[in-house]
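Q: Just passing along the structure, written as structure tokens.
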Amino acid sequence: MSVAEKVKEIILKILDVKEDEVTPAATLIDDLQATSIDLVEIFTAFENTFDVEIDSKKGEKIVTVQDAIDMLNTAIAEKGA
Amino acid sequence: MAVTGLGIVSVLGQSAAEVVRSLRESRSGIRLVPEMKALGLRCQVGGLIGEVACAALGKRAGQSMSASGTFAALACVQALESAGIAREDVRTPRVGVCVGTGYGGNGEVERVESFYREGKSPRRLGAMGPVRMMSSSAALNLAAWLGVKGRSYALSSACATGADAIGHGFDLVRHGVLDTCLAGGAEEVWRAALTFFDNLAAMPRDYNDRPVQACRPYDRDRQGMVLSEGAGILVLEALEAARARGATILAEVAGYGSANDGADMFEPNGTGLRRCIQAAMRDARELGVTAIDYVNPHGAGTRLGDPVEVETIRALFAERPPLVSSTKPLNGHSLGAAGAHEAIFTILMLRHGFVSPTLNLDHVAPECEGVRHVRTLTEVPLRTALTFNAGLGGANAALVLRSVEP
């Protein structure tokens, strides 16, 4: 499963949204209605799933689903380097 | 006070119909628990619910509720349905929640401990913990999930929790603070409870090969209680209001009493129990209750507790002795849920006209003689019943229930 697919799976598990709503351009807070606690849970699930650290600076930059995918791809690459 | 709805998650079933069947047929929910064996506990039997189907509660609820909260929510769905109350009708300041747990969402504490033990980063735990482990977790999750806007809190008094929560709900409605109260108790079994009760020598040790026989209240060979879990919720409304909306009235709560021994944290002396029953009977007498047909006692099967209860029942009801049976051999001791479970069992027996016998009461212990122990299924019309719980910390609570003429 690709990073993008796993990200989508995590978001669907935590947020009360339909699969077709989780597009790359969807914003977590405005479009997908994530609350602050949802974001904590989503980022925690990212950390556990991909074994990476998402500090608050990285977290703040994540607005859309695609932002999350990009950030995770970078973090995974850095980890492997 | 009308009970217009009830809902239950227990090892005897997850609907009123299933529970009635289990009570009638003495189908025990007590099993061998492999995890207790693996932990090296001397008692290795219990009543665990296992996985429950909770997808209907929604994703957010699934995340913020611990197991006990999930049990309470599932019981609440049944309770509202049986009361004929729509979800949108509870979203008012006139509806409240009083649901207790003995110990809160302690499964969460164990998750944290195991994380640290395994050397994982604490950040990986997420942040849902506080609302899953707080002692008001079940009550406040219910309020948020249902949209209830009136008084909502947990009430906790060890093994008397469920009865006290229902009694407090009864008080809130009878004093006009609320129109409707969702009241009851919930509990999830977790390792520390199993361990400490095992160390207390309060759980049977010689019945691991015969789990169904492990809990034997009032019996010569009783060795203690068997832990279990689940939830029970009642919908309480003023009788007139319930009649006015054409609700089916399942039973009436006619009295409530609560009192402490004010003595020892472990050993009951019977004084608080006697006073709480007297207080509940005083309430009930005002409604014309003069006698009790059936008593569902705490009946946990402990060496110390059982004789104290028998003596109290014998002394208080000498003129017209009621039938007595404990449902704990079947359902186990569900701690904070016990009072709610047993109120529901009692209501179901009132409604269906039978008394489920005390299972495993093969030889009544000399110190437990003197009351009308029910040892076989007894079909009998019941008009009034008393259910009580007596717990650690000297806590005692009693409810008088009455059947309602159709």
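The values are calculated or read from the model by the stated rules, or taken from the named source; none is laboratory data. On a predicted model such as this, the values are computed, not experimentally measured, just so you know. Here Cβ is always computed from backbone atoms with ideal geometry, including for glycine, and neighbour counts include all displayed protein chains. Note: accessible area is taken over every heavy atom of the protein model, side chains too, but ligands, DNA and RNA are not part of it. Shrake-Rupley method; radii C 1.70, N 1.55, O 1.52, S 1.80 Å.
Q: Among the residues of segment B:195-205, which ones are open to solvent by less than 10 Å² (accessible area, probe 1.4 Å) and among the aliphatic types (A, V, I, L, M)? Walk me through it before giving the result.
A: Kept after step one, since they are open to solvent by less than 10 Å² (accessible area, probe 1.4 Å), are these residues of segment B:195-205: B:198, B:203-204.
Hit for segment B:195-205 is B:Met203, nothing else.
Q: Another question about this same structure. Where in chain A are there helices (runs of 4 or more DSSP H), lying wholly inside it, with at least 3 residues that are more than 14 Å from every other protein chain (Cβ to nearest Cβ)? Please lay out each step first, then the result.
A: Working: elements: A:3-14, A:36-50, A:56-60, A:65-80.
Output list reads A:3-14, A:65-80.
Q: Please determine, by comparing only the residues of segment B:206-250 that are open to solvent by 10 Å² or more (accessible area, probe 1.4 Å) and among the hydroxyl-bearing types (Ser, Thr, Tyr), which one is farthest from B:Gly299 (Cα to Cα).
A: Out of the qualifying residues, it is B:Thr248.
Q: Taking segment B:112-124 on its own, how many of its residues are open to solvent by less than 90 Å² (accessible area, probe 1.4 Å) and either within 13 Å of another protein chain (Cβ to nearest Cβ) or in a loop (DSSP other than H, G, I, E, B) (or both)?
A: First pass over segment B:112-124, keeping only residues open to solvent by less than 90 Å² (accessible area, probe 1.4 Å): B:112, B:114-115, B:119, B:121-122, B:124.
Filter once more, so that each one left must be either within 13 Å of another protein chain (Cβ to nearest Cβ) or in a loop (DSSP other than H, G, I, E, B) (or both): B:115, B:119, B:121-122, B:124.
Here the count works out to 5.
Q: Would it be correct to say that A:Val52 is open to solvent by less than 70 Å² (accessible area, probe 1.4 Å), closer than 20 Å to A:Ala26 by Cβ and at pLDDT 90 or above?
A: On the way: open to solvent by less than 70 Å² (accessible area, probe 1.4 Å): yes; closer than 20 Å to A:Ala26 by Cβ: no; at pLDDT 90 or above: yes.
Criteria not met by A:Val52.
Q: All but one of (1) hydroxyl-bearing (Ser, Thr, Tyr); (2) closer than 19 Å to B:Met128 by Cβ; (3) open to solvent by 50 Å² or more (accessible area, probe 1.4 Å) hold for A:Thr23; which doesn't?
A: For A:Thr23, the exception is condition (2).
Q: Sticking with this structure for a sec: Within segment B:174-193, can you find the residues that are among the hydrophobic types (A, V, I, L, M, F, W, C) and open to solvent by 10 Å² or more (accessible area, probe 1.4 Å)?
A: As a first pass, look at segment B:174-193 and keep what is among the hydrophobic types (A, V, I, L, M, F, W, C): B:177-178, B:181-183, B:186, B:189-190, B:192-193.
Correct list: B:Val177, B:Val189, B:Trp190, B:Ala192.
Q: If B:Asp362 satisfies all but one of (1) in contact with a Cys (Cβ under 7 Å, 6 or more places away or on another chain); (2) among the charged types (D, E, K, R); (3) surrounded by fewer than 20 Cβ atoms within 10 Å (Cβ to Cβ), what's the number of the condition it fails?
A: (1)
Q: Next up: Please name all residue pairs, on different chains or six or more residues apart, with Cβ atoms under 6 Å, provided the first residue is in segment B:9-31 and is over 14 Å from B:Cys215 (Cβ atoms) and the second residue is assigned to a helix (DSSP H, G or I) and modelled with pLDDT under 95.
A: Matching pairs, first to second residue: none at all.
Q: Further question on the same structure: Across segment B:281-307, which residue is most open to solvent (accessible area, probe 1.4 Å) among those that are more than 20 Å from B:Ala337 (Cα to Cα) and aliphatic (A, V, I, L, M)?
A: B:Leu304
Q: Within segment B:338-364, can you find the residues that are part of a loop (DSSP other than H, G, I, E, B) and out of contact with any Phe, Trp or Tyr (no Cβ under 6 Å at 6 or more places or on another chain)?
A: Just the residues of segment B:338-364 that are part of a loop (DSSP other than H, G, I, E, B), to begin with: B:353, B:356-363.
Within segment B:338-364, B:Gly353, B:Ser356, B:Pro357, B:Thr358, B:Leu359, B:Asn360, B:Asp362, B:His363 qualify.
Q: Any idea how many residues of segment B:125-155 are within 21 Å of B:Leu6 (Cβ to Cβ), in a loop (DSSP other than H, G, I, E, B) and out of contact with any Lys or Arg (no Cβ under 8 Å at 6 or more places or on another chain)?
A: Within segment B:125-155, residues that are within 21 Å of B:Leu6 (Cβ to Cβ), in a loop (DSSP other than H, G, I, E, B) and out of contact with any Lys or Arg (no Cβ under 8 Å at 6 or more places or on another chain) number 3.
Q: In addition: In contact with a Pro (Cβ under 9 Å, 6 or more places away or on another chain), under 30 Å from B:Glu379 (Cβ atoms), open to solvent by 10 Å² or more (accessible area, probe 1.4 Å) and more than 14 Å from chain A (Cβ to nearest Cβ): is that true of B:Ser82 in this structure? Spell out the reasoning first.
A: Details: in contact with a Pro (Cβ under 9 Å, 6 or more places away or on another chain): no; under 30 Å from B:Glu379 (Cβ atoms): yes; open to solvent by 10 Å² or more (accessible area, probe 1.4 Å): yes; more than 14 Å from chain A (Cβ to nearest Cβ): yes.
The answer is no for B:Ser82.
Q: Here's a follow-up. How many of the residues in segment B:310-337 are in a loop (DSSP other than H, G, I, E, B) and closer than 24 Å to B:Ala158 by Cα?
A: Going residue by residue through segment B:310-337, those that are in a loop (DSSP other than H, G, I, E, B) are B:317-322, B:325-327, B:332, B:334.
Imposing the further condition that a residue be closer than 24 Å to B:Ala158 by Cα reduces the set to B:325-327, B:332, B:334.
Within segment B:310-337, residues that are in a loop (DSSP other than H, G, I, E, B) and closer than 24 Å to B:Ala158 by Cα number 5.
Q: Give segment B:12-49 a look and list any residue that's at positive phi and either part of a loop (DSSP other than H, G, I, E, B) or aromatic (Phe, Trp, Tyr) (or both), or say none.
A: Once the filter is applied, which keeps residues that are at positive phi and either part of a loop (DSSP other than H, G, I, E, B) or aromatic (Phe, Trp, Tyr) (or both), segment B:12-49 yields B:Ser26, B:Gly40.
Q: Also, I was wondering about something else. Quick check: is even one residue across segment B:272-289 among the hydrophobic types (A, V, I, L, M, F, W, C) and without any contact (Cβ under 8 Å) to a residue 40 or more places away in the chain? Walk me through it before giving the result.
A: Narrowing segment B:272-289 to residues among the hydrophobic types (A, V, I, L, M, F, W, C): B:273, B:276-277, B:279-281, B:284, B:287, B:289.
Pick out the ones that are also without any contact (Cβ under 8 Å) to a residue 40 or more places away in the chain and you get none.
Scanning segment B:272-289, I find no residue that is among the hydrophobic types (A, V, I, L, M, F, W, C) and without any contact (Cβ under 8 Å) to a residue 40 or more places away in the chain, so the answer is no.
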